[in-house]
Amino acid sequence: MNKINYLPNLENFFVKKYEKSSTKIKSYSVDKLLPTKICPYLLHTLIPYILTLSNKGIFPWMISTDPNSVFIQCPKGEVACKLTRKNINNKLIFSVNVESTKGDCLFNYSQNQKINLPSFNDYEENYLTFSTIFPWVVYGTLSKENFRLALEEPLTNNKMFYLQHGQNNFENPDICSPKQKVRLEFSSCKRKICRYHKFSTCKNFKLETLSPQGLCPDLFYRAYPWCLMKLYENNLKIEKDKNPIVINCPNPKIGVKLVITKIPTKSAKLRIKTMDIMRKLGKKLDLPFYKISMKIVNDPKDCPRKHCKGQKFKFNSGLGFDSSLCPAAFNNVYLFLHPALRGVKLPKPLRIQCPDDAVKNTYDLNWD
């Protein structure tokens, strides 16, 4: 197989939305969503962390190093970056510093290169739109198919937008991912033991165990950034959740609604004290003290995953025994799982990087 060019031409993808309080349609190419030129794969990986930091989030393993930052890794090319939050004139600004590049960087970044990102508060809708459409951008890039899709907004009620690839000869692929036999193998862990792979059952995954048991992978991909935010938001305070998030299924014809809620664990105070003690001893430790609950709150129509009102799902925080994939790894894997499930020909196995730069996990994706 010839070498594949994974980097999409964002100018060939178009978003079309109805303007507020108007029947006019606003159309623009995806490369106009944000005023900053950045590798779209890197941006995809950054968005859940940007969302978390924008909501006063702190990542426990970064407290002793820099509580306003987090290190992440791009899904392709072994590009490690540091994302930093800054408060300038009461406005949150984000910057990215490229810490290291190994392998073939898709965007040809160099070490110590700096990228300034627009404020999430100013561009929230555009960040969320990009997160929603990017798996389809990867699909269009790799399949070379022109398509037009109606997709549901992540948060708003009953509001759609359209994504289009190319200008003519459209196909209409099903928005819902088909069920296929896939195998994801935990390939390597370069720096330390990852808490998500403590057991042998956590090293080989089928489609059913890539997301929480019974939860549609398309819906979980959309929910993941908000689950991460709930886990670490508001300066890591122990509190009851006063603002559950309602997430829409991307398929407007089905309309599944998923509520994400955080619930403090019974040992929350003890876990915080333990982390404080370990930091004083020079050890980085992350003991999540929230349980993240996901619940279907409506009766959807003709859902291929048979979702129904009242179903509950558990977010895997890496503590205890859970055979589902690390959610952060899932977020990167999904980009390539999405086209693979739809029959796009890609090299097997397909190697994908985990976002966690501290452990530098890699995964091999195979499918039938």
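The table below lists the values:
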| quantity | calculated |
| --- | --- |
| Candidates Asn87, Asn332, Asn12: whichever shows maximal mean-square fluctuation once the chain is modelled as a Gaussian network with Cα springs under 10 Å | Asn87 |
| Likely footprinting exposure, Asp122, Asp368, Asp357, fewest C-beta neighbours within 10 Å first | Asp368, Asp122, Asp357 |
| Other-chain or far-sequence residues with amide H under 5 Å of Ile247's (modelled H) | Leu258, Val259, Ile260 |
| Length-normalised contact order for the chain - Cα pairs under 8 Å, 6+ apart - percent | 20 percent |
| Listed residues Ser211, Ser267, Ser131, most fluctuating in the chain (Gaussian network, C-alpha, under 10 Å) | Ser267 |
| Total formal charge among the other residues, if their Cβ is under 13 angstrom from that of Lys312, Lys/Arg +1 and Asp/Glu -1 | +4 |
| Calculated from backbone phi, Karplus (6.51, -1.76, 1.60) coupling profile of the stretch 45-50 in Hz, x at Gly/Pro | 6, 6, 4, x, 6, 4 |
| HN-Hα J in Hz across the stretch 92-109 - Karplus 6.51, -1.76, 1.60, θ = phi - 60°, x for Gly and Pro | 7, 10, 10, 10, 10, 10, 6, 7, 7, 9, 10, x, 9, 6, 5, 9, 6, 6 |
| Whole-number D in µm² s⁻¹ for the stretch 11-165, Kirkwood Cα-pair radius fed into Stokes-Einstein, 4 °C, 1.567 mPa s | 77 µm²/s |
| Convex hull volume of the chain per residue (C-alpha atoms, cubic angstrom) | 150 Å³ |
| Kirkwood-Stokes translational diffusion coefficient of the stretch 102-187, alpha-carbon pairs, 37 °C, 0.692 mPa s, µm²/s | 202 µm²/s |
| Among Tyr18, Tyr232, Tyr139: highest mean-square fluctuation, GNM of the chain, C-alpha pairs under 10 Å | Tyr18 |
| Sum of side-chain charges, Asn68 neighbourhood, beta-carbon under 12 Å (Lys, Arg +1; Asp, Glu -1) | +3 |
| Amide hydrogen neighbours beyond the local backbone of Ser187, cut-off 5 Å, H modeled | Thr362, Tyr363, Asp364 |
| Karplus-derived 3J(HN,Hα), 6.51/-1.76/1.60, for each residue of the stretch 61-78, Hz, glycine and proline x | 6, 9, 4, 6, 8, 6, x, 9, 9, 7, 9, 9, 10, 5, x, 10, x, 6 |
| Amide H contacts of Glu99 (H built 1.01 Å from N, under 5 Å, at least 5 apart or other chain) | Ala80, Cys81, Lys82, Asn112 |
| Cβ charges +1 (Lys, Arg) and -1 (Asp, Glu), total dipole of the stretch 187-232, debye | 380 debye |
| Charge tally in the Cβ shell below 14 Å around Cys176, where Lys, Arg are +1 and Asp, Glu are -1, Cys176 excluded | +3 |
| Subset of Lys159/Lys301; Lys32/Lys114; Lys3/Lys348; Lys242/Lys283 violating a 24 Å alpha-carbon distance limit | Lys242/Lys283 |
| DSSP-loop trypsin sites (Lys or Arg not before Pro) across the stretch 132-164, with at most 12 other Cβ within 10 angstrom | Lys144 |
| Mean separation of Cα contacts under 8 Å, 6 or more apart, over the residue count of the stretch 216-315: relative contact order % | 26 percent |
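The numbers here are math on the coordinates, done by the rules we state, and not lab data. Keep in mind that this is a model prediction, so the values were computed, not measured. A quick note on method: Cβ atoms are made from the backbone with ideal geometry, for glycine too, and the neighbour counts reach across all protein chains shown.
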